[in-house]
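The structure appears right after this line, and notes come after that.
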Amino acid sequence: MIKCALGVDIGSISTKGVIIDENNNIVRSSYIETKGNPLNAVKELITILKDGFDSNKYKIVHVGTTGSARKLIGTILGAKTIKNEITAHAVGTISKYPNVRTILEIGGQDSKIILIENKIVTDYAMNTLCAAGTGSFLSSQAKRLGVDVKDFGNIALTSNNPTKIAARCTVFAESDLVHKAGVGYKKEDIIAGLCYSVANNYLNNVGKGKKILPPIIFQGGVSKNAGVKKAFQDILGEEIIVDENGHLMGALGIALLSQKEKEEIEFNFDILETKFETVGTECNKCPNHCEIICIKKNNKLLDAWGNRCENGLYGLE
């Protein structure tokens with residue numbers, strides 16, 4: 001029986017999962033939309049990963065979670081390893097590109113930059129305030145222009161004269177787009193301009209003051225957009241590497257980290273038949289008024305967090 005590790009990276013927009021074997025080969029993987037419900041998303045993810053998984057040949061003995069819902073999903077999956085996205089993305093990327101110096105990551109609603117020296121993270125920054133440099137921004141603008149966001153990058157590459165689009169924030173960029181479209185700029189030039197807008201917004205916010213050195217790896221959902229990749233290459237004057245599994249690096253990284261746990265677990269796919277529920281409540285037992293999140297399994301309390309003192313856990317059962 002070959003021992004495997006399951007890594008799940010669950011964010012606000014997308015949920016990613018990989019199963020790797022003892023040699024770190026990806027046995028199964030999936031990338032789906034979270035759709036605002038991480039509980040349903042992880043069940044859908046596990047269903048997909050189960051399909052085609054040879055349980056007679058492989059056995060999952062390690063589980064790790066990362067992403068914005070890592071605590072919640074880690075509790076449900078019985079994960080022994082729960083880490084932040086910076087650590088997971090760095091470990092996953094280094095496993096495939098040992099000499100990487102800079103990781104540019106743009107997801108659906110946030111973005112991050114990770115600087116690495118000799119396989120050690122030396123600096124990082126995240127942007128969660130402005131959506132102008134994220135996938136959700138590109139999706140909304142694609143809809144406004146009547147273009148499938150999947151075709152956005154290839155259309156951008158046909159432009160010989162990208163239109164300058166304000167990169168300061170979502171509101172300014174959208175207003176500028178409407179104006180440029182209204183005065184007759186070509187659609188492909190506007191789309192190319194939006195790609196440059198995303199790259200400039202990222203570099204002016206997340207990458208501000210950072211020394212970006214090659215090799216440079218571009219990952220996250222937006223890395224699949226060839227127009228944004230070209231924009232980064234033109235602005236930075238460096239080759240930008242996009243791995244075919246770049247969108248899975250967080251999941252891969254947390255799977256690799258989970259393998260370091262000495263204790264093995266007995267993971268199976270019974271989660272699909274289990275009823276999980278999250279309940280939010282406010283504790284009024286002290287002036288903190290903490291917001292407590294409770295996770296229940298088959299109507300029984302499994303875990304709770306959010307409390308600043310022990311008072312918040314009394315009476316939750």
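Odds and ends about this structure:
- Mean projected area of the convex hull spanned by the Cα atoms of the chain, taken over all viewing directions: 18.7 nm².
- Degrees between helix 187-205 axis and first principal axis of the chain (Cα, 0 to 90, nearest 10): 60
- Where only C-alpha atoms are counted, convex hull volume of region 99-240 per residue in Å³: 92
- Mean Cα-pair separation over length for region 99-240, i.e. relative contact order, pairs under 8 Å, 6 or more apart, %: 31
- Of Ile113, Ala41, Val100, farthest towards positive along the dipole that unit charges on Lys, Arg, Asp, Glu beta carbons give the chain: Ile113
- Relative contact order, percent, the chain [alpha-carbon distance under 8 Å, six or more residues apart]: 20
- Measuring between their Cα centroids, region 17-89 and region 260-274 lie 10 Å from each other.
- Evaluated with a Cβ-only charge set (Lys, Arg +1; Asp, Glu -1), the chain carries a dipole of roughly 380 debye about its Cα centre, given to the nearest 20.
- Rounded to the nearest 500, the 222 nm mean residue ellipticity of the chain from helices alone is -10000 deg cm²/dmol, with -39,500 (n - 2.57) taken per DSSP H run of at least 4 residues.
- For Ala5, the shell of other residues with beta-carbons less than 12 Å away shows a net charge of +1, using +1 for Lys and Arg and -1 for Asp and Glu.
- Note on region 39-188: with charges restricted to the Cβ of Lys and Arg (+1) and Asp and Glu (-1), its dipole about the Cα centre is near 240 debye.
- Each of Tyr185, Cys309, Leu77 was scored by the projection of its Cα onto the charge dipole of the chain, and the greatest displacement toward the positive side belongs to Tyr185; charges sit on the C-beta of Lys, Arg, Asp and Glu.
- 0 to 90° range, to nearest 10: angle between helix 85-96 axis and the chain longest Cα axis: 80
- Over region 177-242: Rg over Rh, Cα atoms, Kirkwood Rh: 1.03
- Helix 170-182 axis, angle to the chain major axis (alpha carbon atoms, nearest 10°): 40
- Over region 19-79 - Rg/Rh using Cα atoms and the Kirkwood inverse-distance radius: 0.96
- Most mobile listed residue (Lys57, Lys96, Lys208) in the chain, GNM with C-alpha springs under 10 Å: Lys57
- Sparse-neighbourhood loop sites, GluC sites (Glu not before Pro) in region 241-274 - DSSP loop, at most 16 other Cβ within 10 angstrom: Glu244, Glu261, Glu263, Glu264, Glu266
- Modelled spin labels at Asp303 and Ala226, positioned 7 Å past Cα toward Cβ, are 4.3 nm from each other.
- Relative contact order, percent, region 214-283 [alpha-carbon distance under 8 Å, six or more residues apart]: 31
Here, each number is a calculation from the coordinates, and none is a lab measurement. Worth saying up front: this structure is predicted, and the values here are computed from it rather than measured. Positions of Cβ are generated from backbone atoms using ideal geometry, with glycine treated the same way; all protein chains shown enter the neighbour counts.
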